[in-house]
1. Could you work out how much longer the chain between SER116 and LEU77 gets when fully extended? Use 0.36 nm per residue separation minus the Cα distance between them, nm to one decimal.
2. Quick one: the Cα spread of the range 73-138 along its three principal axes, in angstroms, biggest first?
3. Select from PRO277, ALA194, TYR221 the residue farthest towards the positive end of the dipole of the range 137-284; place +1 on Cβ of Lys and Arg, -1 on Cβ of Asp and Glu, and compute about the Cα centre.
4. For the chain, which semi-axes, largest first and in whole Å, follow from the square roots of 5 times the eigenvalues of its Cα gyration tensor?
5. Lysine pairs, Cα distance under 16 Å, 8 or more residues apart or cross-chain: how many in the chain?
6. Place +1 on the Cβ of every Lys and Arg and -1 on the Cβ of every Asp and Glu in the range 199-263, take the dipole about the Cα centre, and give the residue among ALA247, LEU208, HIS234 whose Cα lies farthest towards its positive end.
7. How much length is gained if the chain between GLU134 and SER222 is pulled fully straight, taking 0.36 nm per residue apart and subtracting their Cα-Cα distance, in nm to one decimal?
8. Measuring from label point to label point, each 7 Å out along Cα→Cβ, what is the LEU127 to ARG92 span in nm?
Amino acid sequence: MSVEALEQLVDDEQVAVAHVPSLSPSRAADFKSCPLRYRFRVIDKLPEPPSPAAVRGTVVHAVLESLFDLAATDRTLEAAQGMVAGAWSALRETEPDLGTLFAGAEAGEEQAWLSSAQALLESYFALEDPTRLEPAGREERVEVQVGESLTLRGIIDRLDANAAGALRVVDYKTGAAPSEAWESKALFQLKFYALVIWRTRGVVPAVLQLLYLADRKRLTYSPTEAELVAMERHLLALGAAVEHARATGDFRASKGPLCGWCDHQALCPEFGGTPPPYPLLPVV
């Protein structure tokens, strides 16, 4: 699964037990960009039909995780590309609804989609040589409590460590790299993970790295302890805002550039819609 899909699974597992104030990078980003979208996803759990691009990202992530199960000398582009069909088949078994993703599609469309996943893997090999890497962690769940009750949790694509113990957090992105104006938002997820690692291991990661496979670009950043302290304060304030919204039902829509990718415009007041009744208000 992709990191976001796994984070949603973790969120769902937590809600199934009991409500505990918590944030993952994806859900924190949702609330920051549009509190109503956060509500639709986390509280109402409205269905969101999978897109071919998102599912392709999940397949590519699965291949890049499995690639490091091979001996270093066997980690070739051909081996990675050969895993694509199997990863897609395995994903359909765990998520049967994906079997309809190409229902009614033109002949050859599914094969073209698989080929596009293989092209993204070729981009990965242009950015890194996996035969020279031995990750310390892959698709690793991380979790820590900050403040009195807020839990931060997520799943890291890859964690590298050198002989001196320095850590590098790596995240794969199957889209294109953002413009400079959007770089700070792109790094939000990795700074989130850096904070969790610092609080659990006592080590500030030396490098945060985003690998953008669509255009073969690398975004690298080295966080400081002071930045992570500021990040922690920001997340504590964000967690408090989420809890206030949960208690009051006041999840306001925030119109912005991401609205075009939202599946819930029909229910959004910014587009003339009406949200469903809020399910968490106490019955009087």
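Throughout, read-outs are computed from the coordinates displayed, never taken from laboratory work. All values reported here derive from a predicted model rather than from experimental measurement. Heads up, the Cβs are rebuilt from the backbone with ideal geometry, glycines too, and the neighbour counts pull from every protein chain shown.
1. Working: separation 39, 0.36 × 39 = 14.04 nm, distance 1.40 nm.
Extra length available between SER116 and LEU77 comes to 12.6 nm.
2. 43, 23, 16
3. Positive-end residue among those listed: TYR221.
4. Semi-axes (√(5λ), whole Å): 31, 26, 16.
5. Eligible lysine pairs with Cα atoms under 16 Å apart amount to 6.
6. Going by the charge dipole, the pick is LEU208.
7. 29.6 nm
8. 2.8 nm
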